[in-house]
1. In nanometres, what is the gap between the two model label sites at Glu45 and Asn133, each 7 Å from Cα along Cα-to-Cβ?
2. Could you give the distance between the Cα centres of the stretch 146-225 and the stretch 121-140, to the whole Å?
3. What residues qualify as long-range amide H neighbours of Asn195, i.e. H under 5 Å apart, gap of 5 or more or another chain, H built at 1.01 Å from N?
4. What are the ³J(HN,Hα) values, in whole Hz, obtained from phi via the Karplus relation 6.51 cos²θ - 1.76 cosθ + 1.60 with θ = phi - 60°, for each residue of the stretch 59-66 in sequence order, with x given for Gly and Pro?
5. Run the quick spin-label model on Asp146 and Glu87: label points 7 Å from Cα toward the beta carbon, then report their separation in nm to one decimal.
6. Under 15 Å from a point placed 7 Å out from the Cα of Glu213 along the Cα-to-Cβ direction: which residues of the stretch 149-174 have their backbone N that close?
7. Can you work out the Karplus-derived ³J(HN,Hα) for every residue in the stretch 180-191? Use 6.51 cos²θ - 1.76 cosθ + 1.60 with θ = phi - 60°, whole Hz, and x for glycine or proline.
8. Could you work out [θ]222 nm for the chain from helices alone, using -39500 (n - 2.57) per DSSP H run of at least four and dividing by all its residues? Round to the nearest 500 deg cm²/dmol.
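The numbers here are math on the coordinates, done by the rules we state, and not lab data. Please read all numbers here as calculations on a predicted model, not as lab measurements. Using ideal geometry, Cβ is built from the backbone for each residue, glycine included, and neighbour counts are taken over all protein chains shown.
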Amino acid sequence: MIILPAIDIKDGNCVRLFKGDFNTVEKVASDYLETAKGFEAAGSEWIHMVDLDGAKEGRPVNTKIYTDVAEKTNLKVELGGGIRSIETIDEYLNMGITRVILGSVALKNPKLVSDAVEKFGSEKIVVGIDAMNGMVATEGWLESSDVNYIDLANKMIEVGVKYFIFTDISKDGTLSGVNVEQLKALSDATEGRANIVASGGVHTMADIIACKEMGLYGTICGKSIYKGTLDLKEAILYAHMDK
């Protein structure tokens with residue numbers, strides 16, 4: 001299992017939100033590059049980055065920050081937020097981003113997802129499924145839908161998607177533990193056809209252990225690292241251990 005420490009960017013700052021609410025912005029680190037280098041020093045191979053301004057505006061906003069991390073560290077950068085076109089995906093991949101996350105467009109423009117997988121390959125595309133009470137939310141979590149998160153995952157698998165990030169919005173930034181029930185339901189429903197990354201609520205090693213025991217592909221850790229409730233190095237070592 002891989003561990004993806006997270007940096008969310010808003011107004012050029014490293015922040016975390018509580019349940020995705022933009023009114024709860026909390027600055028968690030002073031320098032994005034030093035933070036990323038710290039993750040690398042702890043043994044990280046990946047970093048999960050989100051352009052919160054981009055998610056809200058529907059276009060790339062803080063591009064230099066992500067390309068800086070890609071250029072000045074050896075981390076593989078997984079990036080989401082405001083990616084709404086093939087052109088944007090192409091630009092990011094050419095700038096050294098390893099994987100791009102397609103969120104709202106998976107629901108609103110599934111053809112873009114299938115076109116992206118066809119053009120760039122399934123290794124380069126991740127679909128982010130963010131849900132509240134099991135229903136998919138879009139546009140930086142500002143809009144809700146009547147689509148079940150498992151139904152969306154299955155539709156995306158049909159067009160060739162292999163990588164998914166599942167976030168229970170009610171857990172995100174709360175340090176209240178991952179939603180094991182929903183993650184297990186998604187894992188069971190897509191067994192053998194999807195690589196699932198858990199996001200939202202990670203608090204302690206117990207969450208890392210739970211995710212690994214479910215056979216998940218990865219786990220994203222944000223506030224738990226910044227608040228010191230999870231030791232990143234320990235999490236990475238455990239994640240890499242053979243069962």
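1. According to this spin-label approximation, the distance is 4.0 nm.
2. Result: 10 Å between the Cα centres.
3. HN-HN under 5 Å from Asn195: Tyr163, Phe164.
4. Per residue, the Karplus-derived 3J(HN,Hα) values read 7, x, 10, 9, 3, 4, 4, 6 Hz.
5. Simple spin-label model gives 3.5 nm for this pair.
6. Taking a point 7 Å out along Cα→Cβ of Glu213, no residue of the stretch 149-174 has its backbone N under 15 Å.
7. 4, 4, 6, 5, 5, 4, 5, 4, 5, 6, 10, 3
8. -10500 deg cm²/dmol
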